[in-house]
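Participant: Dropping a structure here in structure tokens format, bear with me for questions.
The values are calculated or read from the model by the stated rules, or taken from the named source; none is laboratory data. Since the structure is predicted, the reported quantities are computational estimates derived from the model, not experimental observations. Here the Cβ is made from the backbone with ideal geometry for all residues, glycine too, and neighbour counts use every protein chain on show. Calculation scope for accessible area: heavy atoms of the full protein, side chains included, ligands and nucleic acids excluded. Shrake-Rupley method; radii C 1.70, N 1.55, O 1.52, S 1.80 Å.
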Amino acid sequence: MGATQSKMYAVVSAAFAGAIKANVIKYTERYICIDKFLLARGNDCGVEEILCVVMFWSWKKLLPTVSLLNGLSMKRLYMLQALLFMVCTAYAQRVELGAGGDRPIEVMASSEWHWVQGGDETAAAVNTINGQGLTMERLEASRFLAQATMGFEPEDIDQVMVTGIEGWIDQQFELPPTDFLQLLYDVDDEVQAWNLSLGADSSEFGGLPYYNILNYAWWEMVVKKPDLLRNKIAYALSQILVVSANSDLEGHGDALASYYDIFLKHASGNYRDILMEVSLHPAMGFYLSHLNNPKANPAENIHPDENYAREFLQLFTIGLYELNSDGSHRKDQNGRDIPTYDQTDVKEFAKIWTGLGPSDVRPNMYDVEADFGLDIYLADMTQPMMMYEDYHQSGEKHLLNGTVVPDGQSGMEDIADAVDNVFEHPNVGPFIALRLIQRLVKSNPTPAYVGRVAAAFNNNGNGVRGDMKAVIKSILLDQEARSCGAQLDPNHGRLREPLVRYTHYAKVLDMEQYYDRFWNNGYTFWESTGQSIFGSPSVFNFYAPDYRPNGAIAAAQQVAPEFQIHNSRTSVEFFNQVNRWTMYNQIMDSWEEEDPSPFLDKSALKRYARDPEVLINKLDLLLTHGQLSDATRQLIHEALLAQIYRDYREDRVELAIYLIMISPDYAILK
């Protein structure tokens, strides 16, 4: 470089330094034009601020200074530009954007439309840097609640923000469980009083609460009761240890409510207690036919019923094949799966489940007392079955892993030994871990995730096996449940089943009924989607945990259980149901005369509706937990902008709710 050129660069550097420092940085700090602000979330979901280093210089402001450069060649001008960049870099200041700050910064976005009238909330561009736009923790709280509840209210998000996720779980477990059976009786009394007030004949009442009353009470619990986590766990367990109203239990709502209470009570208890109480409950005894199951009488070709013995092993505890602690199948020396039991084992366990009969009767005109063989129409189906020793199979029973139940014990001692024998089997931890993870978080957990939850089942840290509180905490606090990085995994998440979508809608949006009661028979929804509480078609639940729909999921060797009831009919019918709830205000229906249906109160959401983006943001928080894609958001935004006539705010609210609820972004919970 020649002496003249060196001198020129020195002069230019000195001349520009002052200009850049006095002018350029001034404008850098005052004006930052952002067309689109993209918040890239870290894997730990712990991002609380964005550090953005912005360098900007205004050629327009510097043009008088650079006029002396006229006549320079383009090559030299480019060299000067590079030098200018280096000087800018030297003097540029770091401006922290996000979570506030003391520098006055004005932010403009091409997509922002500030309303001239109304004074409503607006999706202001400045929220991208003032902290108000950093809603990730709130969105994560919403996503957590979608996993841990059947539905939540906006205030529950605030509560999680205050306590933290683990604190919220602890608080929920401290709440007393809802007494569902008592709630059923209360609702039944209220229904009878309502109908009597309308002139009904009292002789029409007095029977057992029917299945429709069970539905009324269950929806009352879902909408009103505070023990949200217990109810979600109870619902999950009811899909593992299945009884169904698709049987003669339809007429015994009290039996089903009492059975559900087992899960509500032991959601923070121990799985062994669940197994024992389920085994002795008359609803299960009737459904899987070990109620009034007699001992063998070869002369009359009578043999112990094997139904419960088989399902107790296959569906409730250990499954068909031996498992490693991470849920993968153990293999024999030839690489084949190892069965956990065979038909001989089933026959031995069937002997265990003999001799159980009703322990009490409901009031009756026949003075009938509890006895072995009494049918369910006179039996009190809310009380545990009792042992009738004369009908219990005596002798040794050879159970799993070489365990022998000795001769001479009582029937209840045999049952206790059998439950312990299975409960201690190494399969139970990973077996239950996988099924509960699938019900709460994702369809395809990694083996490591299953292994961590199974370890919590095997030992809660204090040497206790089967601690449900430890299991649930392990599931919901695991990195695969909480990490944002996991959300980017295409194998992460699950299809929300129709009933959970329904309860979420009813809980998270403002719903009102004149008498503040939410009696929902659920019949229309069951016809449309195939789901209602205790509405499973069989003991195998609505769907199998290993169901693979044809196509990409099956090709990837993944499972998607809920897709077993997702088909061309039920998917479209769900759209129709959402349309019915949202556009026609028919969210629930009872079968009682002159009982007003609940309706959706849209007034709170209408205040957000002048700016479509604000409304979409609000519903994204409540319904899709921040997972609404840019493509879906844009489609909804354009649809809402077209709503400008009459009560356009209400039209926008209805349309936005409908479009989000039927979107794939909502259907798949990541």
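Participant: What residue, of Ser590, Ser538, Ser571, is of a type in the set (Gly, Ala, Ser), within 30 Å of Leu288 (Cβ to Cβ) and at pLDDT 95 or above?
Facilitator: Result of the check over Ser590, Ser538, Ser571: Ser538.
Participant: Could you check region 544-574 and list, in sequence order, the residues that are of a type in the set (A, V, I, L, M), in contact (Cβ under 8 Å) with a residue 40 or more places away in the chain and part of a loop (DSSP other than H, G, I, E, B)?
Facilitator: Ala556, Val559, Ala560
Participant: Tally the residues that are buried (at least 19 other Cβ atoms within 10 Å of the Cβ) and not hydroxyl-bearing (Ser, Thr, Tyr), restricting the search to region 175-186.
Facilitator: 5
Participant: Also, I was wondering about something else. Which of the residues spanning region 656-670 are of a type in the set (A, V, I, L, M) and either assigned to a helix (DSSP H, G or I) or surrounded by fewer than 21 Cβ atoms within 10 Å (Cβ to Cβ) (or both)?
Facilitator: Residues satisfying the conditions are Ala656, Ile657, Leu659, Ile660, Met661, Ile662, Ala667, Ile668.
Participant: Condition first: touching a residue at least 24 places away in the same chain (Cβ under 8 Å), closer than 22 Å to His281 by Cβ and open to solvent by 60 Å² or more (accessible area, probe 1.4 Å). Can you find one or more residues in region 187-207 that meet it?
Facilitator: No: zero hits.
Participant: Still on this structure, please answer the following. I need the full set of residues from region 523-543 which are open to solvent by less than 40 Å² (accessible area, probe 1.4 Å) and part of a helix (DSSP H, G or I), in order please.
Facilitator: Matches in region 523-543: Phe525, Ser528, Thr529.
Participant: Here are some residues: Ala146, Ala125. Which one is modelled with pLDDT of 65 or more, of a type in the set (A, V, I, L, M, F, W, C), closer than 30 Å to Leu495 by Cβ and open to solvent by less than 30 Å² (accessible area, probe 1.4 Å)?
Facilitator: Checking each option against the conditions leaves just Ala146.
Participant: Considering each residue of region 216-262, count those that are basic (Lys, Arg) and touching a Ser or Thr at 6+ places or on another chain (Cβ under 6 Å), and give that number.
Facilitator: 2
Participant: I need the full set of residues from region 552-607 which are open to solvent by 70 Å² or more (accessible area, probe 1.4 Å) and among the acidic types (Asp, Glu), in order please.
Facilitator: Answer for region 552-607, where residues must be open to solvent by 70 Å² or more (accessible area, probe 1.4 Å) and among the acidic types (Asp, Glu): Glu593, Glu594.
Participant: Right, here's the next one. Can you name the helices (runs of 4 or more DSSP H) wholly within region 583-655 that have at least 3 residues being in contact with a Gly (Cβ under 9 Å, 6 or more places away or on another chain) and in contact (Cβ under 8 Å) with a residue 40 or more places away in the chain?
Facilitator: So the answer is none; nothing clears 3.
Participant: Oh, and also: Scan region 497-504 and give yes if some residue there is in contact (Cβ under 8 Å) with a residue 24 or more places away in the chain and open to solvent by 20 Å² or more (accessible area, probe 1.4 Å), otherwise no.
Facilitator: No: region 497-504 contains no residue that is in contact (Cβ under 8 Å) with a residue 24 or more places away in the chain and open to solvent by 20 Å² or more (accessible area, probe 1.4 Å).
Participant: How many residues are closer than 24 Å to Asp467 by Cα and part of a helix (DSSP H, G or I) when one looks only at region 248-293?
Facilitator: 21
Participant: Can you report the number of residues in region 489-521 which are touching a Lys or Arg at 6+ places or on another chain (Cβ under 9 Å), in a loop (DSSP other than H, G, I, E, B) and not charged (D, E, K, R)?
Facilitator: Of the residues in that region, 5 qualify.
Participant: Only one of Val243, Val223 is assigned to a helix (DSSP H, G or I) and either at pLDDT 95 or above or open to solvent by 10 Å² or more (accessible area, probe 1.4 Å) (or both); which?
Facilitator: Val223
Participant: From the set of residues in region 208-220 that are assigned to a loop (DSSP other than H, G, I, E, B) and free of Cβ contacts under 8 Å to residues at least 60 places away in the same chain, which is surrounded by the fewest Cβ atoms within 10 Å (Cβ to Cβ)?
Facilitator: If we take residues in region 208-220 being assigned to a loop (DSSP other than H, G, I, E, B) and free of Cβ contacts under 8 Å to residues at least 60 places away in the same chain, then Tyr210 is surrounded by the fewest Cβ atoms within 10 Å (Cβ to Cβ).
Participant: Take the residues in region 282-295 that are over 34 Å from the mean Cα position of the chain (by Cα) and closer than 28 Å to Phe540 by Cβ; name whichever of them is least open to solvent (accessible area, probe 1.4 Å).
Facilitator: In this case the residue turns out to be Asn293.
Participant: Further question: Considering only region 320-348, how many residues are under 21 Å from Asp546 (Cα atoms) and surrounded by 10 or more Cβ atoms within 10 Å (Cβ to Cβ)?
Facilitator: 18
Participant: Taking region 468-488 as the region of interest, how many residues are among the hydroxyl-bearing types (Ser, Thr, Tyr) and not in a helix (DSSP H, G or I)?
Facilitator: Selection size over region 468-488: 1.
Participant: For region 388-439, which residues satisfy the criterion of being in contact with a Leu (Cβ under 7 Å, 6 or more places away or on another chain) and among the small types (Gly, Ala, Ser)?
Facilitator: The answer is Ala418, and nothing else.
Participant: Of everything in region 507-520 that's more than 16 Å from Glu155 (Cβ to Cβ) and not charged (D, E, K, R), which residue is most open to solvent (accessible area, probe 1.4 Å)?
Facilitator: Tyr514
Participant: Does region 556-563 contain at least one residue that is among the aliphatic types (A, V, I, L, M), touching a Pro at 6+ places or on another chain (Cβ under 6 Å) and at pLDDT 95 or above?
Facilitator: Taking every residue of region 556-563 in turn, at least one turns out to be among the aliphatic types (A, V, I, L, M), touching a Pro at 6+ places or on another chain (Cβ under 6 Å) and at pLDDT 95 or above.
Participant: Could you list, ordered by first residue, the pairs with Cβ atoms under 9 Å in which the first is in region 399-424 and farther than 20 Å from Leu356 by Cβ and the second is among the polar types (S, T, N, Q) and buried (at least 18 other Cβ atoms within 10 Å of the Cβ), at least 6 apart or interchain?
Facilitator: Within 9 Å, the pairs are Leu400/Thr340; Leu400/Asn421; Asn401/Asn421; Thr403/Asn421.
Participant: Still on this structure: For region 152-165, which residues satisfy the criterion of being more than 16 Å from the chain's Cα centre (by Cα), open to solvent by 30 Å² or more (accessible area, probe 1.4 Å) and either over 19 Å from Tyr505 (Cα atoms) or not charged (D, E, K, R) (or both)?
Facilitator: Gln159, Met161, Val162, Thr163
Participant: In region 338-354, what residues are farther than 29 Å from Ser328 by Cβ and among the β-branched types (Val, Ile, Thr)?
Facilitator: Matches in region 338-354: Ile352, Thr354.
Participant: Another one. Looking at (1) open to solvent by less than 10 Å² (accessible area, probe 1.4 Å); (2) without any contact (Cβ under 8 Å) to a residue 24 or more places away in the chain, find the lone condition where Ile233 falls short.
Facilitator: Every listed condition holds for Ile233 apart from (2).
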